[in-house]
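Colleague: This is the structure I have questions about; it appears just below.
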Amino acid sequence: MKTETAARQALIARLRARLRDGQHAISERFLADNDAASLLGARCRLVDAVLGELWSELAIPASLSLVGVGGYGRGELYPASDIDVLILLPQRPDSVLVARLEQLVCMFWDIGLETGHSVRTIEQCVEEVAGDTTVQTALIEARLVAGDPRLFAGFQSILARTLDPPAFYQTKRIEQVDRHQRFSDTAYSLEANCKDGPGGLRDLQLILWVAHAAGFGHSWQDLEARGFITREEKLLLQASEGFLSRLRTHLHLLVGRREDRLLFEYQTSLAERLGFVANETRRASEQLMQEYYRRAKAVTQINAIVLQNIGTALFPSPDSSPQPISADFRKVHEFLDIGDEALFANRPSAILEAFLLLQRLPELKGLSAAAQRSLWRARRLVDDQFCSNPANRARFLELFRNGRALPQLLRQMNDSGVLGRYLPAFGRIVGQMQHDLFHVYTVDQHILQVIRNLNRFAVEEFAHEYPLCSRLISDLGKPWILYLAALFHDIAKGRGGDHSELGGEDARHFCLDHGLDEEDAELVVWLVQQHLLMSRVAQKQDISDPDVVARFARAVGDERHLTALYLLTVADIRGTSPKVWNTWKGQLLEQLFDATRRQLLSNESAFLASGVIARRQREARRRMRYLALPEGAHDRLWSQLDTVYFLRQSAEEIAWHARVLHDQLESGKPVVSVRLNPQAAGLEVLVYTPDQPDLFLRMVGFLSRAGYSIVDARIHTTRHGYALDTFVLLEVGDGAHDREMISYIEHELADRLAGGAPVDVPANGRLSRQVRHFPIEPVVSIQPLVSLESDDSGELFVLTVVAADRPGLLFLIARELAGHRANVHTAKIATLGERVEDTFLISGQVLEDSTGRVRLETDLLRQLQVRVAESPGRPAAVASPC
């Protein structure tokens, strides 16, 4: 027994060393020659040899087969890929064989192989294959590694008879659509997935899977021979596959584990390994990603062409005769086809005609494979002469005026290169990276996302998603003006200077060239130039202040401009990243929109502070009657409040405060009331307590430690020395526990304030990957308040903080303010991805002279510095939001 154990341990040690040394040698050779195909094959041969020896040493019965499946069966083993094997049995195993196979599987891991294994008879495989395309996909690439070749041949024969190629094709197409949707249907993510993302390796593998299942071949050469792809497409596929394989191989070796995302922290090292060198205008990582996008775009286009051709072969139409649409176009198998393959080359204006036909005829699924190929070859004919042709300009503008399926058409035009050649300014931002902490797409894809969002506002079936936006865009009319503004709003990024102004000039020339009337052209240009205005005002200024609303109303001028800017702003923020938009931002924008529209529709004198306060108090009284509060229940509370309170709180909030506090005004005990935010996600917290030192700091510490992010705070001190503070909170997680937290916050916070408990210090958290890779140089500014209709306006200052977000950031700011004895009156917390832009209204003796202000700014900057172990050699540029 001891001898057997010793022999097994010696075998494990020998095979483990063979694997380790062999894989090291293979990796070193790849780093020297950059030949990914050689590495993938060499790793398979190494594993084949090791598994074959293990199979032999354990004396596995000769009637069994060891089969490689998945990528291993295909002959492609990436450095961090699992090794998937099937142990194929002629019949169900007895207990002796089960024990032998368990020993085999354990030794897979003992020798250092990460395997996914299954043990099946042929009959069991057939049962699993039925209706499960995941199993079918793994098994159609099966390859014999060791054991009985006759059993394996029988398995392959039965599997081939079991497969239903049309059903397999349809399922794989559906899977691809679903997979692409997980990546927002774009390859242009800033941290793209080189395996599963659109245009990644999986799209290439899927072509060969469906071709294999249908019996059309196993390689690009086979598909060329059968006419599914041209020689040019084959070469492009081979080149793209080679690039993606080298990239994924380097990624696995760099990270030391399975990782398919091109994360920021890996991009610079990958670029260096692949030979990209930084220059004066572009980082090496930017060059790498632009090459990736170019390859992914080619894969996406050819994937669509090949799958369409295979689908046509698998599903021949009973009536395949072309149906004429016009002299040059026809309908074939529900696709727009061309009668003459040289159509676009001979008459380039037909390129835009084709897209117009796709827009006008919803029964068409898209361009036929022949039309796509012809258009791709003719794309360079979209030149200056083409773009200056009045008929082509009218066609291009008609795409926007019609609007149907515009986002999909623009995406096709971008993928084919037509859009970037028609608008050279757009062509310059295709694949352009955005090194900030909130965008997740390249500039061109962000623009297309914004147009998509606007288009959804205008489409009736999506009205339930954005009721206000859908109603407004319908009332506005001419939604195509918004589409044009979105097209140009970020088109000048990366040129240097103010991209809003530069983009406005581009828009002005476009409107002039395309014959827009003066009123429409003015709105397009104004929207491009001012597309950041509403976001800045809503998130950084006190929109309950009539002066703020009045200034914004003067800037927009009229209701048409206001409505258009609101719609563009919502679409823009939603198009940056799924993480940037939240209901709180939506509430702020809607409040600013409503207040400004009332201002524009009323005369100016009616919107003075006194008028605002009177209206809010009347509405608050009406709401209090609805809440069955006694008449005059609010009088004692209101007598202790100044005008600033009524300017900063809505009528609904004023009524809520009165309901909670009318019988507890001078109890001397802290009162904490929490409710679900009636207009957005998260919680609202009301704190009423005798004023005490460091009160804001104590509340921030407690709420942060409870797992909440404070997005708004309004701090008031009554005439009789009580603090009346309100907070708007968003849970750091998904908000699923808000209702459960209400009672906890009410009781625990009140106890802490009453008992003088030590300040809660939020738990330290980890910096995000984005912050570590793109650290922001923090900015702190303290300026006197320009205007506020309150008695103490001359004593108030606006503190603005721009910094990288991290856990406990607001607590650090609050602690520094408390240390300098600065009082916080309001706090507006704006988070843009991983970047915060916070605004505080503060007062205090330290602010009365410039020396104190400079000292406070310096101390805040020191607290806000993010120290990272590794930072890029060149600091990241801080882009403007959206």
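Colleague: Taking only DSSP H segments of four or more residues, each worth -39500 (n - 2.57), what value at 222 nm results for the chain once the sum is divided by all its residues, to the nearest 500 deg cm²/dmol?
Modeller: -17500 deg cm²/dmol
Colleague: Where does each of His747, His820 land when they are ordered by accessible area, with a 1.4 Å probe and the largest first?
Modeller: From most accessible down to least: His747, His820.
Colleague: Rounded to the nearest 10 Å², what accessible area does Asp751 have for a 1.4 Å probe in the complete protein model?
Modeller: 100 Å²
Colleague: To continue, here is another question. Describe numerically, in nm with one decimal, the distance between label points set 7 Å from Cα along Cα→Cβ at Glu777 and at Thr230.
Modeller: Going by the 7 Å Cα→Cβ label model, 5.1 nm.
Colleague: Please work out how much length the chain gains when fully extended from His24 to Glu4, using 0.36 nm per residue of separation minus the C-alpha to C-alpha distance, in nm with one decimal.
Modeller: Values: separation 20, 0.36 × 20 = 7.20 nm, distance 3.01 nm.
Full extension of this stretch gives 4.2 nm more.
Colleague: Using Cα atoms only, what is the angle between the long axis of helix 36-57 and the major principal axis of the chain, expressed in degrees (0 to 90) to the nearest 10?
Modeller: With rounding to tens, the tilt is 60 degrees.
Colleague: Tally the DSSP beta bridges in region 63-175 and give the antiparallel ones as a percent, rounded to 5.
Modeller: Of the beta bridges lying entirely in region 63-175, close to 55 percent run antiparallel.
Colleague: Next question, about the same structure. With the crude spin-label approximation of a point 7 Å out along Cα→Cβ, what separation in nm comes out for Thr134 versus Ile613?
Modeller: Taking the simple label geometry, Thr134 and Ile613 are separated by 6.5 nm.
Colleague: If I fit a long axis through the Cα atoms of helix 559-574 and take the longest principal axis of the Cα atoms of the chain, what angle between them do I get, 0 to 90°, rounded to 10?
Modeller: The angle comes out at about 50 degrees.
Colleague: Tell me, what is the 1.4 Å probe accessible area of Arg8, in Å² to the nearest 10?
Modeller: Approximately 70 Å² for this residue.
Colleague: Moving on. Would you mind pulling out the separation of the Cα centroids of region 234-280 and region 87-156, in Å?
Modeller: Going from one Cα centre to the other spans 34 Å.
Colleague: Sticking with this structure for a sec: When you have a sec, figure out the Kirkwood radius of region 1-117 from all distinct Cα pair distances and drop it here in Å to one decimal?
Modeller: 15.2 Å
Colleague: Still on this structure, I have one more. Separation between the Leu361 and Ser349 pseudo-spin-labels, each 7 Å from Cα along Cα→Cβ, expressed in nm?
Modeller: Label-label distance for Leu361 and Ser349, simple model: 2.0 nm.
Colleague: In whole angstrom, and with the biggest value first, how far do the Cα coordinates of region 380-448 range along each principal axis?
Modeller: Ordered largest first, region 380-448 gives principal extents of 42, 26, 16 Å.
Colleague: Continuing with the same structure: Enumerate the whole-percent occupancy of each 5 Å bin, from 0 to the last occupied one, for all C-alpha pair distances of region 353-410.
Modeller: Whole-percent P(r) values from 0 Å outward: 4, 17, 25, 25, 21, 7, 1.
Colleague: Restricting things to Cα coordinates, could you compute the convex hull volume per residue of region 284-352 in Å³? Let's see the in-between values first.
Modeller: Numbers: hull volume 8.1 nm³, N = 69.
Dividing the Cα hull volume of region 284-352 by its residues yields 118 Å³.
Colleague: As a test of understanding, state the convex hull volume per residue of region 420-536 from its alpha carbons, in Å³. Mind showing how you got there, number by number?
Modeller: On the way: hull volume 14.4 nm³, N = 117.
For region 420-536, the hull spanned by Cα atoms encloses 123 Å³ per residue.
Colleague: Right, another one. Got a number for carbon plus sulfur as a percent of the chain's accessible area, 1.4 Å probe?
Modeller: Answer for the chain: carbon and sulfur cover 50 percent of the accessible area.
Colleague: Right, something else. With every protein chain kept in the model, how would you rank Ser781, Ser577 by accessible area, 1.4 Å probe, largest at the top?
Modeller: Reading off the accessible areas and sorting them downward yields Ser781, Ser577.
Colleague: Quick one: what are the phi-derived ³J(HN,Hα) couplings along region 284-299, Karplus 6.51/-1.76/1.60 with θ = phi - 60°, whole Hz, x for glycine and proline?
Modeller: 4, 5, 5, 5, 4, 5, 5, 5, 4, 4, 4, 5, 5, 5, 4, 4
Colleague: Could you provide, to the nearest whole Å², the per residue accessible area of the chain with probe 1.4 Å?
Modeller: 43 Å²
Colleague: Taking the chain as the reference, fit the longest principal axis to its C-alpha atoms, fit the long axis of helix 546-556 to the helix C-alpha atoms, and give the angle between the two in degrees, 0 to 90, nearest 10.
Modeller: Long axis of 546-556 versus the principal axis of the chain: about 50 degrees.
Colleague: Next question, about the same structure. Taking 0.36 nm per residue of separation and subtracting the Cα-Cα distance, what length does fully extending Arg404 through His737 add?
Modeller: Full extension of this stretch gives 115.8 nm more.
Colleague: Considering only DSSP beta bridges whose two residues both sit in the chain, what percent are antiparallel, to the nearest 5?
Modeller: Working: 65 of 73 bridges.
The answer is about 90 percent antiparallel.
Colleague: Rank these residues by their accessible area, most exposed first, probe 1.4 Å: Glu501, Glu127.
Modeller: Putting Glu501, Glu127 in descending order of accessible area: Glu127, Glu501.
Colleague: For the chain, just list the percent of Cα-Cα distances falling in each 10 Å bin from zero outward, please.
Modeller: Percent of Cα pairs in each bin: 2, 10, 17, 19, 17, 15, 11, 7, 2, 0, 0.
The values are calculated or read from the model by the stated rules, or taken from the named source; none is laboratory data. Remember, predicted model here, so these are calculated numbers, not experimental data. Here the Cβ is made from the backbone with ideal geometry for all residues, glycine too, and neighbour counts use every protein chain on show. Each accessible area value is taken on the protein alone, full model and side chains, heavy atoms only, with ligands, DNA and RNA left out. Shrake-Rupley method; radii C 1.70, N 1.55, O 1.52, S 1.80 Å.
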